Structures are given as structure tokens and as C-alpha cells.
Amino acid sequence: MLAAVGNSARMLYGEILVSVRGAGASVGLLIDTAQRLVSGRVRIRPVLDQMFAGGVLTIPIVVLVSLFMGMVLALQTGLELLKFGQQDLVGVIVSVAMCREIGPIITGIILSAAVGSAMAAELGTMSVSDELTALDVMTVDKTRFLVLPRVLALAVMCPILTLFADLVGIVGAGIVGVNRLNVGLQLFITTTVEALRGTALFSLPKDLYVGLFKAIIFGIVIAVVGCAAGMRATNGAQGVGDATRRAVRISILLIVVLNYILTGLFFGVVSR
Amino acid sequence: MIEFRDVHKSFGDRPVLQGLSFHVRKGESYVIMGPSGSGKSTTLLHMVGVHRADRGRVLVQGIDVADAGIEELTALRQRIGMVFQGGALLNWLNVYDNVALPLRETRSLPEAEVKERVEEAIKLVWLWSDREKLPSELSGGMRKRVGLARAIVTRPEIILYDEPTAGLDPAMSLQIDHLILDMKRRLGVTSVVVTHDIPCATRVGDRIGIISGGRIDVEGDPGILDSRDPCVLRFLGHGSIPGDVR
Ligand SMILES: Nc1ncnc2c1ncn2[C@@H]1O[C@H](COP(=O)(O)OP(=O)(O)OP(=O)(O)O)[C@@H](O)[C@H]1O
Ligand SMILES: [Mg+2]
């Protein structure tokens with residue numbers, strides 16, 4: 001029993017160590033990438049390619065997952081609310097939760113697993129088959145050529161996908177609300193819109209734009225962590241696998257930690 | 001032109017180069033041979049500053065590669081072309097774009113000149129009709145030839161070839177050897193050729209060095225491959241098989 005606790009503690013420590021190291025390498029790459037962005041031209045074509053590969057292709061999975069998340073949230077909170085006869089509030093609760101937390105987090109985690117990992121695998125394969133060395137020898141700037149388009153693509157696609165997730169999640173809640181909780185459709189729509197408009201700034205719902213801001217940060221984190229892990233891969237196919245796993249672990253961990261910090265900043269400190 | 005002085009290099013606790021010394025003169029083609037894992041590719045990568053010597057000096061065109069700053073190193077690399085052992089092509093670019101890559105990314109040439117140079121390079125390796133193909137649609141030998149085209153398209157002063165003819169059929173090997181000789185004769189390119197292929201070494205090499213134990217074991221003109229020098233015989237595998245029937 002004690003041994004098991006000790007073992008888990010050691011594994012947790014190892015996990016944190018790996019993440020801190022990976023995050024360290026990523027910070028360096030992030031700074032490099034930002035430099036490339038402000039100096040010199042940015043080619044649009046590779047960014048669009050990456051947006052397609054890294055974003056458009058993940059729309060179906062994001063839609064499905066957030067639909068069911070919206071539905072289950074509505075069902076769970078709805079059943080509780082039903083006890084107090086307050087089921088009309090379900091639209092309010094689910095839409096705020098979707099936009100603030102669930103939408104960005106779900107999108108972030110899906111992109112980490114589906115796109116960040118692919119970036120790590122792709123750059124990892126290039127690393128172990130001498131392609132990155134070849135780029136160095138040809139004096140091609142790897143950060144500008146490989147990393148910048150990926151980071152920009154996810155910084156754009158992650159909020160767009162999050163917007164999709166928010167909308168679809170609310171639709172899912174609406175389906176459950178109307179069919180299972182007998183909330184009128186008209187009422188569901190008006191309460192939801194009202195709830196999101198409640199905290200408006202520049203007539204933009206705060207719940208929504210904070211969520212989208214988070215999504216931009218998540219997109220950048222996923223791409224930078226994926227690229228950094230891939231570029232450091234050594235040791236053939238096994239090394240590529242290690243890099244991929246490392247990228248997913250680190251970016252998911254960073255996403256949930258950053259999410260907490262950002263929520264604290266926007267809703268904890270600021271509004272008090 | 002290129003000079004190694006007592007170069008030592010270890011990866012972890014595994015020594016690979018242990019006092020490697022040799023030099024290559026301007027316009028010369030120097031062939032490096034040696035068993036697999038003896039450090040031939042590692043030696044080439046020292047010339048472009050990808051690896052840095054633990055001890056000793058690597059001088060290329062008078063520049064100490066291990067001490068060179070980033071700008072000096074970049075300028076040096078732009079004068080060197082390298083053919084990688086596995087081709088090292090980018091898998092999402094077709095043949096044409098792979099060959100055009102170093103011109104487009106590192107030199108600001110007008111697209112017309114890029115086109116002219118790329119066409120010339122691809123035709124030199126007889127792949128013009130395959131220019132639209134992706135690397136995954138090519139054979140290993142074709143990929144190697146694309147790598148060769150990519151190395152010469154920048155018109156370098158030094159070309160490093162890592163096994164340029166491995167995996168090619170004899171006729172194609174012969175053609176590549178002629179290409180290497182052509183680059184040297186017509187353009188005065190200095191070349192370093194790593195190869196296992198004895199006919200290739202004999203044809204293109206002005207001098208041959210055989211690496212063993214992390215240093216040049218024997219060095220001389222291609223004639224040494226026919227000599228009875230024990231080091232050469234050991235490399236060629238003669239006498240190493242018990243009960244050799246010859
Ligand atoms: N980046 C590296 N990290 C660790 N070890 C390395 C690295 N590069 C090469 N080595 C090791 O150095 C030794 C020499 O490698 P190198 O690739 O130079 O051999 P080679 O002579 O080119 O062999 P081959 O004929 O098979 O291509 C090998 O044992 C290899 O495992
Ligand atoms: Mg090699």
C-alpha cells in the first residue's frame with residue numbers, strides 16, 4: 001500500500017520533470033518563432049496548408065465530442081434542476097460552461113491528441129532521417145520554414161474550432177433541454193442568449209471571448225510543444241514514438257494548467 | 001582546402017573519431033572508405049559544423065569549423081553541397097520543389113533563374129520526366145539522384161557525397177561517377193566521396209583514405225586497393241574468413 005503510494009508519487013514526480021524540461025525547450029522555440037513573426041515575410045501558402053491539415057480535418061471529431069458534452073451537461077444539471085423546478089436555467093448553465101471552459105478545453109485536448117502529436121511525429125521523422133540536418137546544412141531556417149506556419153495555423157484554427165465546439169455544445173444542450181426536460185425551445189434560446197450577453201464588453205459576450213482567447217493560447221502551445229518535441233527526436237522509429245507521446249502529455253498538462261491560470265486572471269482577479 | 005588535424009569525437013562514452021587527420025586539396029576528389037559504423041558520415045558532418053570535434057581542428061577553406069560563429073558557418077555552408085546517405089528529401093515536396101528548395105529558401109534569385117538552374121540540375125541526374133513525383137513514389141536510387149541534384153543546384157565549391165552510388169544499378173553508378181568527375185573537371189569542385197563501392201572509388205578518387213579505429217589507416221592513390229597492404233586486405237575482407245578458399 002505504502003509502496004504503491006511511493007511509486008505513484010515517483011511517477012508523478014517523473015511526469016512533472018519531463019513536462020518542465022519539455023516546456024523549457026518549448027519556451028526557447030516559442031521565442032524563436034515570435035522573432036521570425038516580427039522580422040521578415042510570412043508566406044501564406046504553408047500556413048493555409050497547415051490550417052487545413054491541422055484544423056479542418058479535425059472539425060468532425062470536435063463537433064461530435066462537443067455535441068455529446070453539451071448533451072450530457074444538460075442532462076446532468078437538468079436532472080438536478082428538475083428537483084427544484086428550475087430546469088429552465090439549463091441553457092444558461094450549459095452555454096456559460098461551454099464557452100468559458102468546456103469548449104476551449106475539449107478543442108485543446110483534441111488538437112493535442114490529433115494534431116500536436118502528428119506535428120511531433122512528422123518533425124520527429126524528419127529529425128531521425130537526416131532531413132533536419134539537411135535543412136541546417138542548406139542553411140534553411142527551420143523555425144521559419146517548419147515551425148512558424150504550424151504555430152500560426154493552430155493559433156487561428158484553435159479558436160475557430162472552439163467556436164464550433166461552443167455552438168454545437170449549446171445545440172446539444174438544447175436538444176436535451178427540449179426533448180428530455182421539457183424546456184420550451186423559444187425559452188431555451190432567449191435565456192441562453194441573455195446569459196451570454198449578460199457580461200458584455202464591446203457588445204461581445206465576455207464568456208465567449210475569454211474562451212476564444214484561451215483557445216489562441218492553447219493553439220500556440222500545442223504547435224510549439226509538438227514541434228519542439230519532434231525536432232529533438234533521436235533514435236529512429238522508437239524516438240519518434242517517444243517524441244509523440246511526450247508532446248501529447250506535455251501539451252495536455254500545459255493546457256489544463258494554463259486554463260486554470262487564465263480563468264483565474266479573467267474571472268477571479270479582474271471582476272472582483 | 002579541407003584539413004582534419006587530430007580530430008577526436010565521442011558520442012556519449014562511445015569514441016568514434018580518435019585522432020583523425022587528413023587533408024583534401026582544392027579541386028581534388030578524396031574518397032573515404034571504411035567499414036560500416038567507422039565514422040564516415042560523422043566525418044562529413046564535421047566539415048559542415050553539424051558535429052563539433054571534442055579535440056583537434058577541422059579547417060575548411062581556412063575557417064576553423066568548430067570555432068566558427070553562426071554567420072561564418074552559414075557563409076561556409078552556402079559554399080558546400082551535401083548528398084545525404086538516405087537522400088534526406090522533404091516528403092511533401094515533389095522532385096522539382098525539393099531541388100528548388102535551397103535556392104528559394106536561402107537565396108533571393110528571380111524565379112526564372114531558379115527555374116533554369118533547377119531544370120539543369122534535374123536533367124543532369126536524368127529525372128526531368130519524374131519532376132512532378134513525390135519522394136515516396138521514387139525508388140531509393142532515384143531519391144539519391146534527387147539529393148545529388150539538390151546538392152549541385154546551388155553551384156557549390158565543395159561537394160560532400162555520402163554513398164552516392166549505394167543502391168544504384170551498375171549502369172547508373174557509372175553515370176553518377178561520371179557526373180562526379182564532370183563536376184570536378186568542368187567546375188573545379190572539390191569533392192569528398194564516402195563510398196563502399198570499389199569501382200566507384202577507383203574511378204572518381206584522386207586519393208583514397210581508409211578509416212579504421214577512428215583514424216585514417218591507409219591513404220594513397222586508387223592503386224592501394226590492389227596492394228597487399230594488410231590494412232587494405234583487412235578492409236576488403238580478405239583473409240578474415242577462416243579457411244578462405246582462395
Ligand atoms: N548523433 C549521434 N549520436 C550518437 N551516436 C552517433 C551519432 N551519429 C553517429 N553515431 C555513432 O557513431 C558511429 C559512426 O557513425 P557513422 O554514421 O559516421 O558511420 P558510417 O561510417 O557512416 O557507417 P555507414 O557505412 O553504416 O553509413 C556509429 O556507431 C553511430 O552509432
Ligand atoms: Mg554513413
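Overview of values
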quantity: Enumeration of residues in segment A:238-264 that are within 16 Å of ligand 1 (Cβ to nearest atom), among the hydrophobic types (A, V, I, L, M, F, W, C) and either away from chain B (no Cβ under 14 Å) or in contact with a Pro (Cβ under 6 Å, 6 or more places away or on another chain) (or both); calculated: A:A243
quantity: Breaking point among (1) in contact with a helix residue (DSSP H, G or I) (Cβ under 9 Å, 6 or more places away or on another chain); (2) more than 16 Å from ligand 2 (Cβ to nearest atom); (3) away from chain A (no Cβ under 14 Å); (4) small (G, A, S), for B:G62; calculated: (1)
quantity: Positions within segment B:29-40 being assigned to a loop (DSSP other than H, G, I, E, B) and under 20 Å from B:V65 (Cα atoms), in sequence order; calculated: B:G39
quantity: Filter pass, B:V7 being touching a residue at least 40 places away in the same chain (Cβ under 8 Å) and not in a helix (DSSP H, G or I); calculated: yes
quantity: Flag for A:G108 being in a helix (DSSP H, G or I) and closer than 30 Å to A:L79 by Cα; calculated: yes
quantity: Residue match in segment A:35-42 (condition: free of Cβ contacts under 8 Å to residues at least 40 places away in the same chain and among the aliphatic types (A, V, I, L, M)); calculated: yes
quantity: Residues within segment A:39-93 that are assigned to a helix (DSSP H, G or I) and under 22 Å from the mean Cα position of the chain (by Cα), tallied; calculated: 28
quantity: Residue that is more than 21 Å from A:F145 (Cα to Cα), surrounded by fewer than 20 Cβ atoms within 10 Å (Cβ to Cβ), away from every other protein chain (no Cβ under 14 Å) and out of contact with any His (no Cβ under 9 Å at 6 or more places or on another chain), where the choices are B:S173, B:S129; calculated: B:S129
quantity: Criterion violated by B:G12 - all others in (1) of a type in the set (G, A, S); (2) touching a strand residue (DSSP E or B) at 6+ places or on another chain (Cβ under 8 Å); (3) within 14 Å of chain A (Cβ to nearest Cβ) satisfied; calculated: (2)
quantity: Subset of segment A:192-236 [small (G, A, S), at pLDDT 85 or above and in a helix (DSSP H, G or I)]; calculated: A:G211, A:A215, A:G219, A:A223, A:G226, A:A228, A:A229, A:G230, A:G236
quantity: Complete set of residues in segment B:119-137 that are within 21 Å of the chain's Cα centre (by Cα) and either in contact (Cβ under 8 Å) with a residue 40 or more places away in the chain or farther than 19 Å from B:L160 by Cα (or both); calculated: B:E120, B:K123, B:L124, B:V125, B:W126, B:L127, B:P135
quantity: All positions within segment B:34-55 that are buried (at least 18 other Cβ atoms within 10 Å of the Cβ) and away from ligand 2 (no atom under 16 Å from the Cβ); calculated: B:G49, B:A53
quantity: Breaking point among (1) part of a helix (DSSP H, G or I); (2) more than 21 Å from the chain's Cα centre (by Cα); (3) within 14 Å of chain B (Cβ to nearest Cβ); (4) surrounded by fewer than 24 Cβ atoms within 10 Å (Cβ to Cβ), for A:I175; calculated: (3)
quantity: Single residue of segment B:77-97 satisfying the filter (within 10 Å of another protein chain (Cβ to nearest Cβ) and polar (S, T, N, Q)) that is nearest to B:I176 (Cα to Cα); calculated: B:Q85
quantity: Any chance B:V99 is within 15 Å of the chain's Cα centre (by Cα) and not aromatic (F, W, Y); calculated: no
quantity: Cβ-Cβ under 8 Å pairs, at least 6 apart or on other chains, segment B:151-165 side without any contact (Cβ under 8 Å) to a residue 40 or more places away in the chain, far side within 16 Å of ligand 2 (Cβ to nearest atom) and outside any helix (DSSP H, G or I); calculated: B:T165/B:T195; B:T165/B:D197
quantity: Evaluation of B:K26 against (1) assigned to a helix (DSSP H, G or I); (2) of a type in the set (K, R); (3) within 24 Å of B:P222 (Cβ to Cβ) (one fails), failing number; calculated: (1)
quantity: Within segment B:180-205, considering residues that are buried (at least 18 other Cβ atoms within 10 Å of the Cβ), closer than 21 Å to B:S41 by Cα and of a type in the set (A, V, I, L, M), the one farthest from ligand 1 (Cβ to nearest atom); calculated: B:V189
quantity: Filter result for B:R234 (surrounded by fewer than 13 Cβ atoms within 10 Å (Cβ to Cβ) and either away from ligand 2 (no atom under 16 Å from the Cβ) or outside any helix (DSSP H, G or I) (or both)); calculated: no
quantity: Test: residue in segment B:41-59 that is in a helix (DSSP H, G or I), among the small types (G, A, S) and closer than 27 Å to B:D197 by Cα; calculated: yes
quantity: Residues that are within 7 Å of chain B (Cβ to nearest Cβ) and either at positive phi or in contact with a Lys or Arg (Cβ under 7 Å, 6 or more places away or on another chain) (or both), drawn from segment A:137-146; calculated: A:V137, A:T139
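Here is a yes/no grid of residues against (1) surrounded by fewer than 16 Cβ atoms within 10 Å (Cβ to Cβ); (2) basic (K, R):
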{"site": "B:R57", "(1), (2)": "yes, yes"}
{"site": "B:R79", "(1), (2)": "yes, yes"}
{"site": "B:A88", "(1), (2)": "no, no"}
{"site": "B:L93", "(1), (2)": "yes, no"}
{"site": "B:N98", "(1), (2)": "no, no"}
{"site": "B:R107", "(1), (2)": "yes, yes"}
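The values are calculated or read from the model by the stated rules, or taken from the named source; none is laboratory data. What you are looking at is a predicted structure, and each value in this text was computed from that prediction instead of being measured. Cβ: placed from backbone, ideal geometry, glycine included. Neighbour counts: every protein chain shown.
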